[in-house]
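Here the structure is laid out as structure tokens; the discussion comes afterwards.
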Amino acid sequence: MKRKILIIEDEKNLAEIIGKTLTKENFETKIITEGDLALDNFYSFSPSLVLLDINLPKKNGWDICKEIRQYSKVPIIIMTARDTELDEIHGLELGASDYITKPISTKIIILKIKKLLKMEDNEFFYLKNLSFDYNKFKVKIGDEEILLSKREALLLEYFFKNQNLVLSRETLLNMIWGFEFSGEERAVDTLVTRLRKKLGLYGDYIKSIRGVGYVFNQNQN
């Protein structure tokens with residue numbers, strides 16, 4: 001499965017150059033040129049990583065970074081012509097994973113992306129006797145493969161990548177079904193129930209937060 005990169009950059013020529021370079025590296029990309037469209041596309045596209053410009057029309061990159069961090073730990077690389085230490089510190093304080101100044105080297109971007117994605121998932125997630133292959137969306141408990149639907153696998157991946165973060169039903173709806181989904185939040189509860197049942201004892205790590213949603217916590221106390 002290709003990793004998805006969301007490119008939020010108002011310089012169309014630069015965005016297209018980055019997009020073409022990443023496509024050659026076997027990434028799937030999407031380009032957004034206006035800041036007010038960033039969050040909706042983040043939900044619908046569900047990227048593995050975000051390349052984020054600061055000086056955007058209608059909404060700046062600082063605000064976008066802050067909003068994304070309220071819902072997700074997906075890596076964010078800030079791209080900007082600003083090269084002051086204060087700007088870099090500000091970006092990192094808002095939750096950016098890395099910072100790169102313009103003019104941009106596509107080789108450096110690729111290296112940073114691959115490094116961050118490896119840091120985030122390392123291809124596999126392990127929990128005691130359970131393993132999850134992020135590329136193939138396969139989960140095993142011991143030697144037994146547990147068959148998951150696409151949404152069950154996406155939900156499990158999202159829990160693993162956002163451990164100890166309380167996730168509202170609304171957030172899970174947006175990230176798993178997409179921002180344009182018009183169904184009810186009870187769909188989340190139904191999906192979580194199915195996933196817990198398939199995971200057996202490991203389903204206990206998915207904890208309900210009354211009135212809010214769910215959290216994946218490896219501490220079962």
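The values are calculated or read from the model by the stated rules, or taken from the named source; none is laboratory data. Values in this document were obtained by computation on a predicted structure and should not be read as measured data. Ideal geometry is used to build each Cβ from the backbone, glycine not excepted, and the neighbour counts take in all protein chains shown.
A few comments on the model shown:
- Among the residues of region 6-37, those identified as under 19 Å from residue 113 (Cα atoms) and in a helix (DSSP H, G or I) are 14, 15, 16, 17, 18, 19, 20, 21, 22, 23, 24.
- Cβ-Cβ under 6 Å pairs, at least 6 apart or on other chains, region 7-24 side under 16 Å from residue 76 (Cα atoms), far side part of a helix (DSSP H, G or I): 7/15; 7/18; 7/19; 8/38; 9/15
- Cβ-Cβ contacts under 6 Å between residues 6 or more apart (or on different chains), taken from a first residue in region 51-70 that is within 20 Å of residue 117 (Cα to Cα) to a second residue that is of a type in the set (D, E, K, R) and at pLDDT 90 or above, are listed as 53/9.
- Helices (runs of 4 or more DSSP H) lying entirely in region 149-221 (those with 1 or more residues that are at pLDDT 95 or above, farther than 20 Å from residue 129 by Cβ and of a type outside the set (S, T, N, Q)): 186-199
- Subset of region 134-148 [surrounded by 17 or more Cβ atoms within 10 Å (Cβ to Cβ) and modelled with pLDDT of 90 or more]: 139, 141, 146, 148
- Hits in region 1-24 (condition: of a type in the set (A, V, I, L, M) and either modelled with pLDDT of 90 or more or touching a Gly at 6+ places or on another chain (Cβ under 7 Å) (or both)): 5, 6, 7, 8, 14, 15, 17, 18, 22
- Answer residue from region 70-90, given it is at pLDDT 85 or above and of a type outside the set (A, V, I, L, M) and is surrounded by the fewest Cβ atoms within 10 Å (Cβ to Cβ) among those: 70
- Residue match in region 103-112 (condition: modelled with pLDDT of 90 or more, crowded, with 18+ Cβ neighbours inside 10 Å and either in a loop (DSSP other than H, G, I, E, B) or not basic (Lys, Arg) (or both)): yes
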